[in-house]
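The values are calculated or read from the model by the stated rules, or taken from the named source; none is laboratory data. The model shown is predicted, which means the values in this text are computed figures rather than measured ones. When we count neighbours, we look across all protein chains shown, and the Cβ atoms used for this are built from the backbone with ideal geometry, even at glycine. What goes into the accessible areas is simple: the full protein's heavy atoms, side chains included, and nothing from ligands, DNA or RNA. Shrake-Rupley method; radii C 1.70, N 1.55, O 1.52, S 1.80 Å.
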Number of protein chains: 2
Amino acid sequence: MQNSIRVGIAGYGNLGRGVETAIHKNPDMQLVGIFTRRSPSSVSPCFAETQVYSIDELLSDFSNKIDVLILCGGSKDDLPQQGPIFASQFNTVDSFDTHARIPEYFAAVDAPATAHQKTCLISIGWDPGMFSINRLLGEALLPDGETYTFWGKGLSQGHSDAIRRVAGVKAGVQYTIPSTDAIEQVRSGARPELATKDKHHRDCYVVLEDGANAATVENTIVTMPDYFADYNTTVNFISEETLQKDHQRMPHGGFVIRSGNTSAEQSQVMEFSLKLESNPEFTASVLVAYARACHRLNQSQQYGAKTAFDVAPALLSIKTSEQLRKELL
Amino acid sequence: MQNSIRVGIAGYGNLGRGVETAIHKNPDMQLVGIFTRRSPSSVSPCFAETQVYSIDELLSDFSNKIDVLILCGGSKDDLPQQGPIFASQFNTVDSFDTHARIPEYFAAVDAPATAHQKTCLISIGWDPGMFSINRLLGEALLPDGETYTFWGKGLSQGHSDAIRRVAGVKAGVQYTIPSTDAIEQVRSGARPELATKDKHHRDCYVVLEDGANAATVENTIVTMPDYFADYNTTVNFISEETLQKDHQRMPHGGFVIRSGNTSAEQSQVMEFSLKLESNPEFTASVLVAYARACHRLNQSQQYGAKTAFDVAPALLSIKTSEQLRKELL
């Protein structure tokens, strides 16, 4: 396809693989290659034709060959270091998701991007991302109201790691489950006060080491401060085979609900929800749609760091404005 | 409030009343007045301090006193005539909702707005509007998928009118009810083929004239072509008192569901829904938030006709970009 958007992938874990797959579902995009810190020959891409390069080649050889670079590293160590560096040579899209550090990360990316006339979309995905947009819409459209975010059913990496550190645990996973009662209460138009722990419970699936005591392990988990002590937590003991068979997926999702009043008598409820069989593949798919917007923003000289809040919906679509008005409005 | 956005309301029915109420919930807005075709002295606004003027005064006296004019007339007769006229002197927001005629209406408003450096947001509300945005997001984020729009539970004006034309019917209302089975099927990640009639059924509440035959009325309704014949329709006979007591509200809402695959194995479901106790009040509240965006677009010299697809979320919020990133992202 002529004039297709040339995309590069920096970092190749679950998210990078999702981006590689998503690009194939968008006919106006073309994958330049994967850029990895590993030895390129050790990487097996999902598609045989995908080129793999060392990430060291990016800055020296690819600045004129890539329209948008999608950063697929982690928010803790990779992005804070890579984001500002790549922002001086590439339009970028990333999924930086450490909510508390977004203002700081935004500033660190905005300066080089503005100085070099690049467009960098940060914190793209579903939360931050789609959920953020719905929190904003809820407030703007129903100023007299309350917003509720529920997460799950979803695999939580941090809580799964915490379980696996418990003595006697061989392997395990933890799912965050939104409380059906709390969701129904919010959907009814009531505006209850709910802490995070009132809105979720935690389900653990644990494989014991040989000879470990189940009651001791369970007690250690459910009383663990910060992670489980404040929550309604269930521990299920399963075999290693069951873990392999039933718990290898990475589902996630959740709900953003705005309950508000337009007048004293009339309550209104807006709700956005996601039910994801694969968290990284969906996040990747969002990143790819925003890569299209990133390219278009840069072409219309909108430089600097931006977020999902700054992107008009039409910029995300492969369709023209005329088509959108005719077919989707 | 200094520098508040000065808003006018053209047309004062249910929607205009909703806009008047909504402006009071947005502290950065100031209501200049209601402009009506009726005699101003015959109009009783919701708030005692609201000024009421003849619509004839708008073009002659108010072009420099209003930042955004919200058009609250109907899509059939009022807007096609008013929209293009007001677009040459005002920034406008309207809820034009005749889906098939949107391209034509867009063109009729775009020409005068562009020529006179005005910004005119057309077809704002929830469908078209919020539902349209979610249809666009669904396609853009999950290109391999299907979109399903369900409406209801909602009072349908057109179908209620049809019932009231049946011989023997004294009064009545009709609600469109989305099919729970169809919604569950779509939410499961399956991608069924569903016609509008498979997705909804119709509930009628009818007050009979004295001496009318219930069986005949019921049969006339459920076999009525176009309106009911293709649908699963239920007719309930009620007293006039019950109609007055239980059926005077204007609830509406619905669901936009996108079911798609990011890869052969992984399905993903996005869902947006509204549960509205008052359809006109919610639509009004959306119009007011978009009036803020309209004013800002005009100030940044984005002229011409635009739709919800062209408005970045941040433009809708009273908060600054810094606040939004810190509090909502």
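Points worth noting:
- Qualifying positions in the stretch B:250-284 - small (Gly, Ala, Ser), at the interface with chain A (Cβ under 9 Å from one of its Cβ atoms) and open to solvent by less than 10 Å² (accessible area, probe 1.4 Å): B:GLY253, B:GLY260, B:SER278, B:ALA284
- Residue count for the stretch A:195-211, restricted to those that are of a type in the set (A, V, I, L, M) and surrounded by fewer than 17 Cβ atoms within 10 Å (Cβ to Cβ): 1.
- Among the residues of the stretch B:154-190, just one is open to solvent by 50 Å² or more (accessible area, probe 1.4 Å) and in contact with a Lys or Arg (Cβ under 8 Å, 6 or more places away or on another chain), namely B:ARG187.
- Single residue of B:PRO313, B:PRO251 found to be out of contact with any strand residue (DSSP E or B) (no Cβ under 9 Å at 6 or more places or on another chain) and not aliphatic (A, V, I, L, M): B:PRO313
- Of everything in the stretch B:296-329 that is out of contact with any Asp or Glu (no Cβ under 9 Å at 6 or more places or on another chain), assigned to a loop (DSSP other than H, G, I, E, B) and more than 26 Å from A:GLU146 (Cβ to Cβ), the residue that is nearest to the other protein chains (Cβ to nearest Cβ) is B:THR307.
- Residue within the stretch B:253-269 that is out of contact with any Leu (no Cβ under 6 Å at 6 or more places or on another chain) and among the basic types (Lys, Arg) present: no
- Breaking point among (1) under 24 Å from A:ALA171 (Cα atoms); (2) touching a residue at least 12 places away in the same chain (Cβ under 8 Å); (3) open to solvent by 20 Å² or more (accessible area, probe 1.4 Å); (4) of a type in the set (A, V, I, L, M, F, W, C), for A:ALA229: (2)
- Here the condition is being within 14 Å of chain A (Cβ to nearest Cβ), in contact (Cβ under 8 Å) with a residue 24 or more places away in the chain and β-branched (Val, Ile, Thr); of B:ILE55, B:ILE23, B:ILE85, B:ILE70, it holds for B:ILE23 alone.
- Entirely in the stretch A:24-128, the helices (runs of 4 or more DSSP H) that have 2 or more residues that are buried (at least 23 other Cβ atoms within 10 Å of the Cβ): A:78-86, A:102-115
- Of the strands (runs of 3 or more DSSP E) that lie entirely inside the stretch B:183-295, those containing 1 or more residues that are among the polar types (S, T, N, Q), over 30 Å from A:ASP127 (Cβ atoms) and in contact with a helix residue (DSSP H, G or I) (Cβ under 8 Å, 6 or more places away or on another chain) span B:233-237.
- Test: residue in the stretch B:232-240 that is outside the structural domain of B:ALA22 (by the TED database), closer than 26 Å to B:ASN14 by Cβ and surrounded by 20 or more Cβ atoms within 10 Å (Cβ to Cβ): no
- Only one entry of B:TYR290, B:TYR303 meets the criterion of being open to solvent by 40 Å² or more (accessible area, probe 1.4 Å) and not assigned by the TED database to the domain that holds B:ASP161, and that entry is B:TYR303.
Residues checked against (1) away from every other protein chain (no Cβ under 12 Å); (2) more than 23 Å from B:PHE86 (Cβ to Cβ):
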site: B:TYR105; (1), (2): no, no
site: B:THR114; (1), (2): yes, no
site: B:SER132; (1), (2): no, no
site: B:ALA140; (1), (2): no, yes
site: B:ASP144; (1), (2): no, yes
site: B:ALA162; (1), (2): yes, yes
